[in-house]
1. Out of curiosity, is S276 touching a Lys or Arg at 6+ places or on another chain (Cβ under 8 Å) and either touching a residue at least 40 places away in the same chain (Cβ under 8 Å) or closer than 21 Å to E178 by Cβ (or both)?
2. Has the range 147-165 got at least one residue that is among the β-branched types (V, I, T), closer than 23 Å to T79 by Cβ and surrounded by fewer than 19 Cβ atoms within 10 Å (Cβ to Cβ)?
3. Could you tell me which numbered condition Y187 fails, if it satisfies all but one of (1) touching a Phe, Trp or Tyr at 6+ places or on another chain (Cβ under 7 Å); (2) among the hydroxyl-bearing types (S, T, Y); (3) not in a loop (DSSP other than H, G, I, E, B)?
4. What are the residues in the range 148-162 that are more than 15 Å from S188 (Cβ to Cβ) and of a type in the set (A, V, I, L, M), if any?
5. Residues of the range 150-167 being outside any loop (DSSP other than H, G, I, E, B) and over 17 Å from Q203 (Cβ atoms), which ones?
6. Are any residues in the range 190-210 without any contact (Cβ under 8 Å) to a residue 40 or more places away in the chain, farther than 15 Å from G152 by Cβ and in a strand (DSSP E or B), and if so, which ones?
7. Does at least one position in the range 237-256 carry a residue that is crowded, with 21+ Cβ neighbours inside 10 Å, more than 22 Å from M122 (Cα to Cα) and charged (D, E, K, R)?
8. Checking the structure you have, find out if any residue of the range 196-203 is at negative phi and either modelled with pLDDT under 90 or surrounded by 23 or more Cβ atoms within 10 Å (Cβ to Cβ) (or both).
Amino acid sequence: MPSVSYAVRKALALLFSLISVIGNSFSGEPYVAEGNALLINSYTYSLEDGMCFGQGLACDGEYFYGFGAFKAFNFNAVTKIDADTGEILEINEMCLPAEVMLKGYSHLGDGCIYSGRLYVAMEDFGFRNPAVAVFDSGTLEFKDYFLVPAEGRGNGRIPWCAIKDGILYYTQSNDVDEIRMISLEDYSYAGAVKINKTLYKVQGGEFVGDKLYLVTNSEKYDKPVYEIDFNTGEVNLLFSHSTSKTDTEGEGIAICPLDSGADFHILDVGANVRISSFKSGLSE
């Protein structure tokens, strides 16, 4: 017998589909619009499944881990997907404990995997107390959460987070002119690195060495991926992908080499949800 949460997301999917028809936001075939990248493959999912991971993405080389939310209904989920086949393997629906939701937390964003745990950006309904939720990558169970320190909250929005060498990096979504940092040792604010270009509608981020890559939804059709040199703060466009002139929303990013040759994996959400995998040339 289907779970109550499954029935809820079927109803939400129908609502999303009607909005998509009105807004003409059907997802077309993805392609590289600009820059050095090659589309390798893509997996497309219905909204009733895709809403369980349509806000963010992480990858460990074997699995994609997706993070989903529908803010108005306090629906959140963590999903495990076979990275080679795109098959959905496990979903933890309504993954936030009641005591966390009662504190106003209603939206998971993009996240990452680090030391066997999933760290996921989390916003409260009023954007006052941004936080990071922590899940076990094996069981997808909620483990803990911690607040973004007051001095690093910005406008209260935290759409993504990524971890490198025990430091968690994040930004707000708009007017992004710096990358902020939190120490995982004591969850204290660790300062910020200025960048030389202000970015808008930032949705996801991931590290490769000393380079940070951010995916944005700043253009209606083309979804830019920016490369940031952490030593200089210089921002450059790596590539931009498009969804065939359809009004979709670019979401999270995961960077992980797979046997297919793909290393950049990006979410798009419209009338369906898609994971598109690209070969960037960075690993050559």
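1. Judged against the criteria, S276 is not a match.
2. No, every residue in the range 147-165 fails to be among the β-branched types (V, I, T), closer than 23 Å to T79 by Cβ and surrounded by fewer than 19 Cβ atoms within 10 Å (Cβ to Cβ).
3. Going through (1) touching a Phe, Trp or Tyr at 6+ places or on another chain (Cβ under 7 Å); (2) among the hydroxyl-bearing types (S, T, Y); (3) not in a loop (DSSP other than H, G, I, E, B) one by one, Y187 breaks only (3).
4. I158, A162
5. To start, the set of residues in the range 150-167 that are outside any loop (DSSP other than H, G, I, E, B) comprises 150-152, 161-164, 167.
Across the range 150-167, the qualifying residues are A150, E151, G152, I163, K164, I167.
6. Correct list: N196, K197, T198, L199.
7. no
8. yes
The values are calculated or read from the model by the stated rules, or taken from the named source; none is laboratory data. For clarity, every value in this text was computed on a predicted model and none was experimentally measured. Cβ sites come from the backbone with ideal geometry, for glycine too, and all protein chains shown count toward neighbours.
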